[in-house]
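Participant: Let me give you the structure first, and then I'll get to my questions.
Quick note: the coordinates plus some simple rules give every number you see, no bench work behind them. Computed from a prediction, not measured in an experiment: that's the story for all the values here. Glycine gets a Cβ as well: all are built from the backbone with ideal geometry, and neighbour counts include every protein chain shown.
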Amino acid sequence: MEIDVRPGVAEALAKVREGSLSVDLTLQMCGGLVIKDAVAYPGPSDEEAGFRVVRVGDVDLYWRQRLLVEGASSASVTDRVRPRRLEVRTDGDAFSAEASYA
């Protein structure tokens, strides 16, 4: 997986006194559609909850991939599916992420 932490992310994390960022990725499959969602927030996440950590420049990036299939009551964490590319960026003090699976 290629991870691109855009300029300004490390500086925005420093403003909130954090050196790490977490990204929770979800693929939801329902009615023949695949809906993808990526949520980014400052701070580390628990590796026991399925998060993996990688160092990208000055940022520790915690990420996990969840899969929610129609009819399931909750999402499951998986390593069978992962994006080809993950981009993390900031707009002021807000963080966002976008995953590409193609």
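Participant: Cβ contacts < 6 Å: first residue surrounded by fewer than 20 Cβ atoms within 10 Å (Cβ to Cβ), restricted to the stretch 1-25; second residue part of a strand (DSSP E or B) and among the hydrophobic types (A, V, I, L, M, F, W, C), any location; separation 6+ or different chain. Result?
Facilitator: Ile3/Val56; Ile3/Leu86; Ala10/Val59
Participant: Run down Ser96, Ser73 and say which single residue is surrounded by fewer than 17 Cβ atoms within 10 Å (Cβ to Cβ), hydroxyl-bearing (Ser, Thr, Tyr) and outside any strand (DSSP E or B).
Facilitator: Details: Ser96 fails: outside any strand (DSSP E or B).
So the residue among Ser96, Ser73 that is surrounded by fewer than 17 Cβ atoms within 10 Å (Cβ to Cβ), hydroxyl-bearing (Ser, Thr, Tyr) and outside any strand (DSSP E or B) is Ser73.
Participant: Now, a different point. Mind checking which residues of the stretch 1-15 are part of a helix (DSSP H, G or I) and of a type in the set (A, V, I, L, M)? Explain how you work it out, then say what you get.
Facilitator: First, the residues of the stretch 1-15 that are part of a helix (DSSP H, G or I): 9-15.
Residues satisfying the conditions are Val9, Ala10, Ala12, Leu13, Ala14.
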